[in-house]
Amino acid sequence: MDAVCYHAPRDLDVITVPIPQINDDQVLIQVTCCGICGTDQHLAEGEFIGKFPLIPGHEIVGVISQLGQSVEGFSIGDRCVADNTILCESCFYCRRGQHVLCENFESLGVTMAGGFAGYVAIQSKKVYKIINLTDEEATLVEPAACAIHGLDKLNPAVGIEALIFGAGPTGLILAQLLKLNGASKVVIAANKGIKTRIAQELEAGDVYIELDRDDPSPQWNKLKEDYKHGFDVVIEATGSEKVANDALSFVRRGGSLMIYGVYSNSDLVHWSPARIFQDEIKIIGSFAQTHCFPRAVAYLDSGKIRVKGMVTDVFSIREFDKALEKMKSKTACKVALRP
């Protein structure tokens, strides 16, 4: 089968590899679509937690083509998504129930072979059936699971006002989750372009602030004028060092700032500890997810969270270079690969 391979940082290629063999507790998924995440770009640069050589791709959608001998509850031909996380269940954090902090955390497409290939082998307990979603839409289940984990960490009170920086797929899903779970107002601030257009089409937020890429200062100033007390919740979902540094200034006294983007390892923030102390601001990090797939499938497959139109571009595995360039061009919302 064809597969994308990261041999080393900035050394990418499409190779031919054998179809994986499955164990008794696994299924073989024939990949029909796999989303490209910003994480995949960081992995290509040698950042994040990747291990090389690597077949990337962790937003896996497909059809079950083979069942292990002990697998129950699935049939060949079932359409499904795969939870990419693999936990040791025995380290200090797993034994405390903090699975996302697993000291031996593994992930399909990040530390082991993933979905930018024709087939993936995975334990059946990590597989979930889908019914109503298209293959492209189902690539948003994994980002939705991560967003659900973020909302669990945030634990917002009913009636809060929220500001989200970034209108990528995760930002749009977080906005909808906040609206579904009691926020009285959700403001989305993002660069003007295709992502803010899709945000409005999906009615992901209540208010949309379109930022000028070259000089967003007029929009920042108006945002501060219109919301002089700031927001109960601010979510930084761009992965931009500058936005992360500025985000604290929009947090209301007693509010929370959630750092949600994936950043370069060299990025740093400079915040006033005096303000965090005096205004009792809570800083929250949210990384990946564990055990959130059932809720993500329920939200998306039911249509409660709308993702139609988020995937704007689809490429073949052999066109992976073009897919990465499309992401970098800022003219796509979500890019996916098909074998």
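The values are calculated or read from the model by the stated rules, or taken from the named source; none is laboratory data. Everything numeric in this text was worked out from a predicted model, so none of it was measured. Note: ideal-geometry Cβ built from the backbone for every residue, glycine included; neighbour counts use all protein chains shown. These accessible areas exclude ligands, DNA and RNA; they are computed on the full protein's heavy atoms, side chains included. Shrake-Rupley method; radii C 1.70, N 1.55, O 1.52, S 1.80 Å.
Inside the stretch 48-147, counting only strands (runs of 3 or more DSSP E) that do not spill past its ends, which hold 3 or more residues that are hydrophobic (A, V, I, L, M, F, W, C)?
It comes to 59-67, 79-82, 119-123.
Say we look at the stretch 13-60 and pick out the residues that are of a type in the set (D, E, K, R), out of contact with any helix residue (DSSP H, G or I) (no Cβ under 7 Å at 6 or more places or on another chain) and in contact (Cβ under 8 Å) with a residue 12 or more places away in the chain; which of these is nearest to E103 (Cα to Cα)?
The selected residue is K51.
Residue by residue through the stretch 273-304, note down the ones that are assigned to a helix (DSSP H, G or I) and either touching a residue at least 24 places away in the same chain (Cβ under 8 Å) or among the small types (G, A, S) (or both). Break it down into steps so the answer makes sense when it comes.
Applying the first criterion (assigned to a helix (DSSP H, G or I)) to the stretch 273-304 yields 273-278, 293-301.
Listed by number, the residues that qualify are A274, R275, I276, F293, P294, R295, A296, V297, A298, Y299, L300, D301.
Here's the yes/no breakdown for (1) of a type outside the set (D, E); (2) farther than 16 Å from Y6 by Cβ; (3) open to solvent by less than 30 Å² (accessible area, probe 1.4 Å):
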{"residue": "I55", "(1), (2), (3)": "yes, no, yes"}
{"residue": "I60", "(1), (2), (3)": "yes, yes, yes"}
{"residue": "F74", "(1), (2), (3)": "yes, yes, no"}
{"residue": "C91", "(1), (2), (3)": "yes, yes, yes"}
{"residue": "Q98", "(1), (2), (3)": "yes, yes, no"}
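It is to be established whether one or more residues within the stretch 128-139 are of a type in the set (F, W, Y) and open to solvent by 30 Å² or more (accessible area, probe 1.4 Å). Lay out the reasoning, then the answer.
Residues of the stretch 128-139 of a type in the set (F, W, Y): 128.
Narrowing further to those that are open to solvent by 30 Å² or more (accessible area, probe 1.4 Å): 128.
Yes, that holds for at least one residue.
What number of residues within the stretch 172-201 satisfy the criterion of being open to solvent by 10 Å² or more (accessible area, probe 1.4 Å) and assigned to a helix (DSSP H, G or I)?
Adding up the residues that qualify gives 7.
Before we move on, is T170 in the same structural domain as R197 (by the TED database) and closer than 25 Å to K330 by Cα?
On the way: in the same structural domain as R197 (by the TED database): yes; closer than 25 Å to K330 by Cα: yes.
The answer is yes for T170.
Somewhere in the stretch 285-299, is a residue open to solvent by 60 Å² or more (accessible area, probe 1.4 Å) and modelled with pLDDT under 95?
So far as the stretch 285-299 goes, yes, one or more of its residues are open to solvent by 60 Å² or more (accessible area, probe 1.4 Å) and modelled with pLDDT under 95.
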